[in-house]
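Quick notes on the structure that follows.
The values are calculated or read from the model by the stated rules, or taken from the named source; none is laboratory data. Computed from a predicted model, the values in this text were never measured in an experiment. Backbone-built Cβ (ideal geometry, glycine too); neighbour counts: all protein chains shown.
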Amino acid sequence: MSFPAGSLALVTGASRGLGAAAAVELARLGAHVVLLARTQGGLEETDDAIRAAGGTATLVPMDLREGEALDAIGPSLYQRFGRLDALVHCAGVLGKLTPVGHIQPADWADVVGVNLSATWRLIRTCDPLLRQAPAGRAVFVTDARAREPLAYWGAYGATKAGMEHLVQTWAAELSITRVRASLFDPGPMRTRLRAAAFPGQDPETLPLPATVAPRLAALCLPD
């Protein structure tokens, strides 16, 4: 199964890790992919990988914490492409692993901005386009910490839990439409976030994001 001709997918966190791998896989399946991330260099590397796989992409350097810029994504996609078939929110921030009482306001704002507020803004700006698509799909990457609290993981776990609740609520609201919203937990992977959280873990024991990406991409297909 592949995407119908002319399909468009938006992927956040597309400069590295699962976001980059998912973008390459979506392009391989036939979608034109809009790559969104803060790092221009990382976006260009993903673009190179997509072109090597025979796909096409559009690069959008953006900080997901910039609310007004993120709000404009939906109208911008409509103006340029006239459609959106799949939204994949892979971007995530770990924050500092610290006791809840020691979380600093700036760190809290950073984690909430990317993991939770950006989820709400992406839903808000992309919902109209996804509803117009023949089979709109939205996938949000989550983590076991959302359901299994662990000491020192308060900010990350709370924002992922909030994201899950928001997405599940939106999914219920979409039940009478052609749009489907999903949560995807990839499990441990060989990523920069995982290395920061578990610096003593041998990365060679973990799967690469590219081995996980096909399962995520499958959730974006019309069937």
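Being closer than 25 Å to Leu94 by Cα, under 15 Å from the mean Cα position of the chain (by Cα) and assigned to a helix (DSSP H, G or I) is the requirement here; does Ala22 meet it?
When the stated conditions are applied, Ala22 passes them.
Suppose we keep only residues that are of a type in the set (Gly, Ala, Ser) and within 16 Å of the chain's Cα centre (by Cα) within region 32-56. Which one would you say is farthest from Ser117 (Cα to Cα)?
Gly42
Considering only residues that are loosely packed, with under 13 Cβ neighbours inside 10 Å and in contact (Cβ under 8 Å) with a residue 24 or more places away in the chain, which ones fall in region 186-223?
Residues satisfying the conditions are Gly187, Arg192, Ala196, Arg215, Asp223.
Could you check region 28-82 and list, in sequence order, the residues that are in a helix (DSSP H, G or I), closer than 20 Å to Leu221 by Cβ and in contact with a strand residue (DSSP E or B) (Cβ under 6 Å, 6 or more places away or on another chain)?
Scanning region 28-82 gives a single hit, Ile50.
Just checking, which of Ala9, Ala91 is modelled with pLDDT of 95 or more, within 17 Å of the chain's Cα centre (by Cα) and either under 21 Å from Ala161 (Cα atoms) or surrounded by fewer than 17 Cβ atoms within 10 Å (Cβ to Cβ) (or both)?
Answer to the check: Ala91.
Is there a residue in region 133-146 that is in a loop (DSSP other than H, G, I, E, B) and farther than 25 Å from Ala31 by Cα?
Yes, some residue in region 133-146 is in a loop (DSSP other than H, G, I, E, B) and farther than 25 Å from Ala31 by Cα.
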